[in-house]
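Data block below; observations after.
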Amino acid sequence: MSVRTTDQVVSTFVDFFRGRGHQLVTGSTLLPPPGDPVLFTTSGMHPLTPYLEGRRHPQGRRLVGVQRCLRTSDLDEVGDDTHLTVFEMLGSWSLGDYDHSQSLRWGLELLRDGFGLSPDRLHVTVFGGDSRLGVDQRSLDTWRELGVPVELLDDDNWWSNGPTGLCGPDSEIFVWTGSGPPTRTPGTDDRWVEVWNHVGMRYDRRPDGSLVPLSQPNVDTGLGLERLLTVLQGVGSVYETDLLRPWTDTVTSFWSLPDTPLRVVTDHLRSCVVVGGDGVRPSSSGRGYVLRRLLRRVLTILWRDDPSRTLEDLPLPLLEETLGHFRQDVPPVDVQRVLLEEQRRFRDLVRRGRPLVDRQRSGGPLTDEDFRRLHETHGLPRELVEQLLLP
């Protein structure tokens with residue numbers, strides 16, 4: 001496989017679809033537009049929702065893009081081989097133009113001919129039907145015609161944008177990452193890694209649960225950049241790719257940490273830089289609270305073994321490289337200043353909290369009510385008390 005580096009993968013993806021009439025939409029900020037109730041952009045299609053609902057897009061009906069995303073729902077999974085707080089989605093869209101079958105054909109062509117993946121390493125899943133609808137027969141027939149093995153699933157291959165609204169069957173493409181030939185399917189063997197989801201956005205789900213066919217059926221695809229890099233570069237996790245390696249190497253050189261805490265610190269610090277680069281500042285609510293939570297989780301891990309550890313060690317060129325990758329025109333020193341100011345605030349909180357916790361413990365082991373009171377009255381989260389303030 002000759003296409004390996006991050007820049008090569010992104011340009012290969014974008015050029016492939018531009019060569020097929022797609023216009024490039026610039027990946028937007030993590031911050032949704034005013035009025036959107038979601039804290040952060042969570043997917044590549046999120047900024048395009050009005051156009052997927054039927055509004056005319058100024059750039060036409062075929063689009064391609066690279067979108068940075070953040071999902072707070074994945075925070076507890078950060079530290080495994082594939083999940084990141086901030087990640088990028090490569091996406092392609094048909095706004096009422098070509099159909100789902102065409103998208104699947106192009107998907108195989110790009111993975112096979114553009115990225116050099118052997119068809120023997122590919123497996124797909126297709127919506128197998130449920131009490132409302134039958135099998136997604138067109139997708140099933142397309143994959144069979146292309147010679148790619150198929151597994152039929154139900155809920156796992158039904159995409160929806162929420163309890164109501166846009167929805168439809170999807171087809172997920174998996175790549176085999178095991179050492180020997182595959183013997184089982186993606187639904188039964190986690191060595192199959194999902195890299196690309198192709199959604200046939202065909203219905204509008206109404207509040208009563210009914211499905212109304214869209215007057216403008218769409219295709220929405222999302223390919224996880226970091227997961228694809230893991231496969232193409234032949235490494236064991238997203239933290240070993242050329243995109244994350246500068247952060248992993250830097251954190252390792254400064255602080256000796258076990259594997260999972262090392263990954264969490266690496267991910268959260270990098271995410272803090274990106275979130276800060278989009279103008280978010282630490283606060284007690286909303287987006288600012290997410291940034292504060294990420295940063296304080298990092299500091300809690302670092303100070304658990306050595307309270308002298310400091311974010312001042314982070315080199316400015318690393319911040320500059322990350323901001324540049326995400327096309328954020330922000331001086332790295334400005335983001336560094338945000339991180340260090342929050343570090344100062346958190347260190348003050350820890351210093352003030354220690355005697356409070358000691359006083360509370362004088363009456364015996366802390367109860368749930370004690371933890372609640374420490375949090376609500378003094379701003380000391382349970383995680384902080386348990387990991388930093390209890391001997």
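Selection of first residues in the stretch 250-278 that are farther than 17 Å from Glu240 by Cα and of second residues that are outside any helix (DSSP H, G or I) and hydroxyl-bearing (Ser, Thr, Tyr), restricted to Cβ pairs under 7 Å at least 6 apart or on distinct chains, gives the following pairs, ordered by first then second residue: Asp278/Thr29. From the list Thr12, Thr49, Thr41, the one residue that fits, being farther than 25 Å from Val273 by Cα, of a type in the set (S, T, N, Q) and in contact with a helix residue (DSSP H, G or I) (Cβ under 8 Å, 6 or more places away or on another chain), is Thr12. Does at least one position in the stretch 318-326 carry a residue that is more than 28 Å from Leu366 (Cα to Cα) and either small (Gly, Ala, Ser) or more than 27 Å from the chain's Cα centre (by Cα) (or both)? Yes, some residue in the stretch 318-326 is more than 28 Å from Leu366 (Cα to Cα) and either small (Gly, Ala, Ser) or more than 27 Å from the chain's Cα centre (by Cα) (or both).
Specify the residue that is nearest to Asp80 (Cα to Cα); the eligible residues are those in the stretch 211-250 that are assigned to a loop (DSSP other than H, G, I, E, B), polar (S, T, N, Q) and touching a Lys or Arg at 6+ places or on another chain (Cβ under 9 Å). Step by step, filter the stretch 211-250, then rank; the result is Ser237.
Of the residues screened, Ser179 is one that is among the small types (Gly, Ala, Ser), open to solvent by 50 Å² or more (accessible area, probe 1.4 Å) and under 27 Å from Thr230 (Cα atoms). Could you list, in sequence order, the residues of the stretch 314-357 that are at pLDDT below 95, open to solvent by 70 Å² or more (accessible area, probe 1.4 Å) and of a type in the set (Asp, Glu)? Asp329 - this is the single residue of the stretch 314-357 that is at pLDDT below 95, open to solvent by 70 Å² or more (accessible area, probe 1.4 Å) and of a type in the set (Asp, Glu).
Among the residues making up the stretch 314-368, those that are within 30 Å of Ser11 (Cα to Cα), among the aliphatic types (A, V, I, L, M) and in a helix (DSSP H, G or I) are Leu316, Leu318, Leu319, Leu323, Val333, Val335.
If only residues of the stretch 251-280 that are more than 27 Å from Ser28 (Cβ to Cβ) and part of a loop (DSSP other than H, G, I, E, B) are counted, the one that is most open to solvent (accessible area, probe 1.4 Å) is Ser256.
Checking Thr6, Thr42 one by one, the residue that is hydroxyl-bearing (Ser, Thr, Tyr) and open to solvent by 20 Å² or more (accessible area, probe 1.4 Å) is Thr42 and no other. When the criteria are applied in full, Gly60 fails the requirement of being touching a helix residue (DSSP H, G or I) at 6+ places or on another chain (Cβ under 7 Å) and either open to solvent by less than 20 Å² (accessible area, probe 1.4 Å) or assigned to a loop (DSSP other than H, G, I, E, B) (or both). Which of the residues spanning the stretch 84-103 are open to solvent by less than 30 Å² (accessible area, probe 1.4 Å) and within 9 Å of the chain's Cα centre (by Cα)? Of everything in the stretch 84-103, those that are open to solvent by less than 30 Å² (accessible area, probe 1.4 Å) and within 9 Å of the chain's Cα centre (by Cα) turn out to be Leu84, Thr85, Val86, Phe87, Glu88. Taking the criterion of being basic (Lys, Arg), open to solvent by 40 Å² or more (accessible area, probe 1.4 Å) and in a loop (DSSP other than H, G, I, E, B), the only residue of the stretch 281-313 that qualifies is Arg281.
Sub-7 Å Cβ pairs linking a first residue in the stretch 45-57 that is under 20 Å from Leu31 (Cα atoms) and open to solvent by less than 50 Å² (accessible area, probe 1.4 Å) to a second residue that is assigned to a helix (DSSP H, G or I) and among the aliphatic types (A, V, I, L, M), at least 6 apart or interchain, are Met45/Leu52, ordered by first then second residue. Counting only residues that are closer than 22 Å to Leu211 by Cα, of a type outside the set (Ser, Thr, Tyr) and open to solvent by less than 30 Å² (accessible area, probe 1.4 Å), the stretch 125-157 holds 7 of them. Considering the stretch 382-391, and only residues there that are without any contact (Cβ under 8 Å) to a residue 24 or more places away in the chain and surrounded by 12 or more Cβ atoms within 10 Å (Cβ to Cβ), the residue that is farthest from Gly279 (Cα to Cα) turns out to be Glu386.
Matching residues to (1) among the charged types (D, E, K, R); (2) more than 18 Å from Gly91 (Cβ to Cβ):
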| residue | (1), (2) |
| --- | --- |
| Trp176 | no, yes |
| Tyr203 | no, yes |
| Gly209 | no, yes |
| Gly224 | no, no |
| Arg227 | yes, no |
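The values are calculated or read from the model by the stated rules, or taken from the named source; none is laboratory data. Computed from a prediction, not measured in an experiment: that's the story for all the values here. Here Cβ is always computed from backbone atoms with ideal geometry, including for glycine, and neighbour counts include all displayed protein chains. Keep in mind that these areas ignore ligands, DNA and RNA; they rest on the heavy atoms of the full protein, side chains included. Shrake-Rupley method; radii C 1.70, N 1.55, O 1.52, S 1.80 Å.
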